[in-house]
Amino acid sequence: MIRITLTSAAVFGATLLALALPAAEEKEPAAKPDREEAKKAFEYLNKVRQAPGKFGKELGIDLGDVKPRRALVWNDTLAKVAEEKALDMAKREYFDHVTPDGLGINIQIHEAGYKLPAAWVKDKKSNYFESIAAGNATGVGAIRGLLVDEGDPNLGHRKQLLGLTEFQAGFKDIGIGFARAPKSKYRTYMSVVTARRR
């Protein structure tokens with residue numbers, strides 16, 4: 001039989017050692033979601049969709065020919081995917097529609113449960129539904145930048161968010177993810193997913 005006896009000196013020494021060790025510091029996450037900004041972006045976009053002419057003047061762009069569109073409906077599945085995408089861009093410090101793993105938003109929303117036709121997910125890099133922004137202090141600021149769409153001669157973000165093509169006019173659902181990563185290159189990242197199942 002083995003017997004272990006601790007002397008009072010040994011117990012005292014162990015106590016001092018435990019007190020001397022630094023407590024494990026809680027690290028701030030590299031990136032965290034800001035759901036309040038995501039919701040504000042959603043609300044602002046729907047206001048623009050319902051009164052494009054008014055907001056076109058505010059944004060300094062011509063939306064005079066754009067007819068009002070129905071409000072998009074918040075979809076929790078799309079929001080979860082958009083938030084995960086924004087966080088992923090922030091954590092891995094990339095800014096692209098395709099992840100470093102080679103996945104576009106179509107396959108991501110499909111695998112999350114927002115089922116799409118097989119043809120839309122055949123190419124794993126496909127993106128029919130996502131706009132991304134980075135470096136904006138607020139979600140509303142990010143939406144404004146995407147609607148102005150400076151630098152994109154095709155105005156792809158504006159067309160997607162306002163439903164300006166026949167395909168995009170059928171979009172009904174939306175999810176937005178906004179992530180803050182103060183130590184990353186752009187500090188904020190946003191993914192906006194507007195979609196339809198068919």
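The values are calculated or read from the model by the stated rules, or taken from the named source; none is laboratory data. Just so it is clear, the structure is predicted and the values come from calculations on it, not from any experiment. Cβ: placed from backbone, ideal geometry, glycine included. Neighbour counts: every protein chain shown. With ligands, DNA and RNA removed, areas are computed over all heavy atoms of the protein, side chains included. Shrake-Rupley method; radii C 1.70, N 1.55, O 1.52, S 1.80 Å.
For the range 102-136, a tally of residues being under 25 Å from S184 (Cα atoms) and out of contact with any strand residue (DSSP E or B) (no Cβ under 7 Å at 6 or more places or on another chain) returns 6. Listed by first and then second residue, the pairs with beta-carbon distance under 9 Å, at least 6 apart or on different chains, first residue in the range 170-186 and outside any strand (DSSP E or B), second open to solvent by 30 Å² or more (accessible area, probe 1.4 Å) and β-branched (V, I, T), are K172/V73.
Do the conditions hold for K122, that is, is it surrounded by fewer than 18 Cβ atoms within 10 Å (Cβ to Cβ), farther than 22 Å from Y44 by Cβ and over 16 Å from the mean Cα position of the chain (by Cα)? When the stated conditions are applied, K122 passes them. Listed conditions (1) within 18 Å of K80 (Cα to Cα); (2) open to solvent by 10 Å² or more (accessible area, probe 1.4 Å); (3) among the aromatic types (F, W, Y) are all met by F178, apart from (2).
Under the condition of being polar (S, T, N, Q) and within 17 Å of A71 (Cα to Cα), which residue from the range 125-173 is surrounded by the most Cβ atoms within 10 Å (Cβ to Cβ)? It would help to see each step written out before you state the result.
Within the range 125-173, the first condition is being polar (S, T, N, Q), and the residues that meet it are 126-127, 131, 136, 138, 154, 160, 165, 168.
Of the ones still in play, those that are also within 17 Å of A71 (Cα to Cα) are 160, 165, 168.
Values: Q160: 24, T165: 12, Q168: 19.
Selected residue: Q160.
Within the range 62-84, being within 20 Å of F171 (Cβ to Cβ) and either part of a loop (DSSP other than H, G, I, E, B) or in contact with a His (Cβ under 9 Å, 6 or more places away or on another chain) (or both) holds for L63, D65, V66, K67, P68, R69, R70, A71, L72, N75.
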